[in-house]
Amino acid sequence: MKFKYQARNKEGELQVGFVESYSQGGAADILVSHGLYVLSLENAEQENFFDKFMLVFKRVTLTDKMVFSRQFATLLEAKVSLSDSLKNLQKQTSSATMKEVIHEITADIDSGLSLSQSLERQKEVFSEFYVSMIRSAEITGRLEEAVIYLANYLEKQKLWRSRVINALIYPAVLIVMFIGIVLLMVTLVLPNIRPILEEAGAELPWYTSAVLNSGDIIINWWWIIIIAVVPLVMFVLEYLRSDEGKIVLDEILLRTPVFGKMFSKMYIARFAESLAILIQGGIPIAQALEITSRSIGSSVFEDVLHEVSEQVRGGELLSTALGRYDFYFPPLVSQMISIGETTGRLDELLSRISTFYTREVDDIMGRLGELIQPLVIAIIGVFVGFLFASILVPIYNMVKSFGA
């Protein structure tokens, strides 16, 4: 495989080129053996669909990173050396992919790289925020505290994700069951009723005709529907993976009635917490904003924070820059940040913002099931009523005409 790399030599000169190896880790080892410090390493070959499909089974999950961080923090608190901690973690982890990642990190550290440099070479696993936290901790000598914070941070993300998934499981099951019942009705039940209605000369309402015709289309042209739908679904999924698709999807989520407020407050909580920690670590605000933007998990917020960081670099106050984006950052955020800038306690005020919005998110997630389930049941009820009306109304009209 061919990989494109950016690296610096011992004199600090930037070098860009290609290297061939069986894996990304092998390519990195080749570059390091030549005395280069790797900045970026990307696959230069076009991946086919099978390769992308297999990556799903090889990726490191959020749970893997969460368990790794928590166990790592525990070992560091017990004053186990860095190298021994990583070797113990490699033996304990049950994920083959994570085991390989830890092995590569350990090998890099044994070869003389720092922990942050080793993690940076695993950028597909550890975010820039994660690496920056470790790098700041290495400078300040607070590595244990940083790893503990990262473990708590990942556990919180896991908890939020689990709550959202749990709240959506029941509605998703209802929707799937409803779709299955509708397909059975329009393909098996209604075709047997149609001849009776036609022989009786009953007048069919437009919605009854629509339901009957949809059943005929599914029965006669199901193979065309599959041929058309599968490529369409693949195209949509591929589009949503693109930069433009991610922005469109995030924008839709932020403007959705129930989920919009929840996701917006979740992103604000992540923003405030991440920025506070990075500032405490001594990272300049503009750089901290750039790092934070890539750790929030929203392409829309990433673009907004990138613009904010450029304005801060230009000499503007953070509160003033955020005030221009009041749809994404409510006035409360910019006002509290303004107080922090005035009093010199920006990190403390950011922590308070994070605490406030974390409670708001927890409250919404606690009521998420109560909000979604009645709404889904109501919508399904409307469609069920429509389906049964398309059957019962013609029968009622037919019986009524016989009675007359």
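None of the figures in this text is laboratory data; all of them are computed from the coordinates on show. The shown structure was predicted, so the numbers you read here are calculated from the model rather than taken from an experiment. Positions of Cβ are generated from backbone atoms using ideal geometry, with glycine treated the same way; all protein chains shown enter the neighbour counts.
Just want to confirm a number: the relative contact order over the range 110-193, from Cα pairs under 8 angstrom separated by 6+ residues, in percent.
Working: 21 pairs, mean separation 13.2, N = 84.
With pairs under 8 Å counted, the relative contact order is 16 percent.
Between ASN88 and TYR396, what length in nm is gained on full extension when 0.36 nm per residue of separation is reduced by their alpha carbon distance? Mind showing how you got there, number by number?
Details: separation 308, 0.36 × 308 = 110.88 nm, distance 7.43 nm.
Gain on stretching ASN88 to TYR396: 103.4 nm.
Compute the distance in nm between two label points, each set 7 Å from the Cα along the Cα-to-Cβ direction, one at ILE217 and one at ARG161.
3.8 nm
Return the equivalent ellipsoid semi-axes of the range 215-307 as a descending list in whole Å, where each equals the square root of 5 times an eigenvalue of the C-alpha gyration tensor.
Details: eigenvalues 334, 41, 15 Å².
The answer is 41, 14, 9 Å, longest axis first.
How much length is gained if the chain between PHE18 and VAL384 is pulled fully straight, taking 0.36 nm per residue apart and subtracting their Cα-Cα distance, in nm to one decimal?
Values: separation 366, 0.36 × 366 = 131.76 nm, distance 5.96 nm.
That pair, PHE18 and VAL384, stretches by 125.8 nm at full extension.
In percent, how large is the relative contact order of the range 229-312, given Cα pairs closer than 8 Å and 6 or more residues apart? Each step should come with its number before you reach the end.
Working: 56 pairs, mean separation 21.3, N = 84.
It comes to 25 percent, rounded to a whole number.
Tell me the Kirkwood hydrodynamic radius of the range 360-401 in angstroms, computed as one over the mean inverse distance between distinct C-alpha pairs.
On the way: mean 1/r = 0.0783 Å⁻¹.
Radius from the Kirkwood sum: 12.8 Å.
Convert each backbone phi in the range 203-216 into a coupling constant with the Karplus relation 6.51 cos²θ - 1.76 cosθ + 1.60 (shift: θ = phi - 60°), then list the ³J(HN,Hα) values in order as whole Hz, x for Gly and Pro.
7, 8, x, 4, 6, 5, 4, 4, 5, 5, 5, 5, x, 4
Using Cα springs under 10 Å in a Gaussian network model of the chain, which residue among VAL258, VAL147, VAL393 shows the largest mean-square fluctuation?
Judging by the Gaussian network model, the answer is VAL393.
Please list, ordered by chain and number, the residues whose modelled amide H lies under 5 Å from the amide H of LEU39; skip anything fewer than 5 residues away on the same chain.
GLN6, ALA7, ARG8
Mind jotting down the three principal axis lengths of the range 101-161 based on Cα atoms? Whole angstrom, largest first.
38, 26, 16 Å, listed from the longest principal axis down.
Evaluate E = 1/(1 + (r/R0)^6) for VAL80 and ILE377, where r is the Cβ-Cβ distance and R0 equals 56 Å; express this FRET efficiency to the nearest 0.05.
Numbers: r = 53 Å, r/R0 = 0.95.
Plugging the Cβ-Cβ distance into 1/(1 + (r/R0)^6) gives 0.60.
Report the dimensions of the range 257-366 along its three principal axes from the alpha-carbon atoms, largest first, rounded to Å.
In descending order, the Cα extents are 39, 26, 23 Å.
Ratio to report: Rg/Rh of the range 261-320, with Cα atoms as the point set and Rh obtained by the Kirkwood method; give two decimals. Spell out each step's value before the answer.
On the way: Rg = 10.9 Å, Rh = 11.5 Å.
Computed over Cα atoms, the ratio is 0.95.
Computed over the Cα atoms, what is the radius of gyration of the chain divided by 2.2 N^0.38 Å, N being its residue count?
Details: Rg = 28.1 Å, N = 404, 2.2 N^0.38 = 21.5 Å.
That works out to 1.31 for the chain.
Just want to confirm a number: the relative contact order over the chain, from Cα pairs under 8 angstrom separated by 6+ residues, in percent. Please report the intermediate quantities before stating the final value.
Numbers: 386 pairs, mean separation 56.8, N = 404.
Answer for the chain is 14 percent.
Looking at the chain, identify the longest residue range that excludes and avoids all GluC sites (Glu not before Pro) in DSSP loops having at most 15 other Cβ atoms within 10 Å.
On the way: sites that count: GLU11, GLU13, GLU45, GLU47, GLU124, GLU203, GLU316.
Answer - 204-315.
Which of the lysines could be linked to LYS79 by a straight reach, that is with a Cα gap under 29 Å, when you skip same-chain ones fewer than 8 residues away?
Here the lysines satisfying the reach criterion relative to LYS79 are LYS65, LYS87, LYS91, LYS99, LYS123, LYS156, LYS158.
Of ILE224, ILE296, ILE268, which is the most mobile in a GNM of the chain whose springs link Cα atoms less than 10 angstrom apart?
Its mean-square fluctuation being the largest, the pick is ILE224.
What dipole magnitude, in Debye to the nearest 20, does the chain give about its Cα centre under +1 on Lys/Arg Cβ and -1 on Asp/Glu Cβ? List each step's numbers first, then the result.
Values: 36 positive and 46 negative charges, 176 e Å.
Magnitude of the dipole: close to 840 debye.
Return the FRET efficiency for the residue pair LEU232, THR97: r is the Cβ-Cβ distance, R0 is 25 Å, and the value is rounded to the nearest 0.05. Provide the component values of the computation, followed by the final result.
Numbers: r = 32 Å, r/R0 = 1.27.
Plugging the Cβ-Cβ distance into 1/(1 + (r/R0)^6) gives 0.20.
With Kirkwood's inverse mean 1/r over C-alpha pairs for Rh, give me the Rg to Rh ratio of the range 62-155, two decimals please. Before the final figure, lay out the partial values.
Working: Rg = 11.8 Å, Rh = 13.0 Å.
A ratio of 0.91.
So what are the ³J(HN,Hα) numbers for the range 358-371, from phi and the Karplus equation (6.51, -1.76, 1.60; θ = phi - 60°), rounded to whole Hz, Gly and Pro as x?
Per-residue couplings from phi come out as 5, 5, 4, 5, 4, 5, 5, 5, x, 9, 4, x, 5, 7 Hz.
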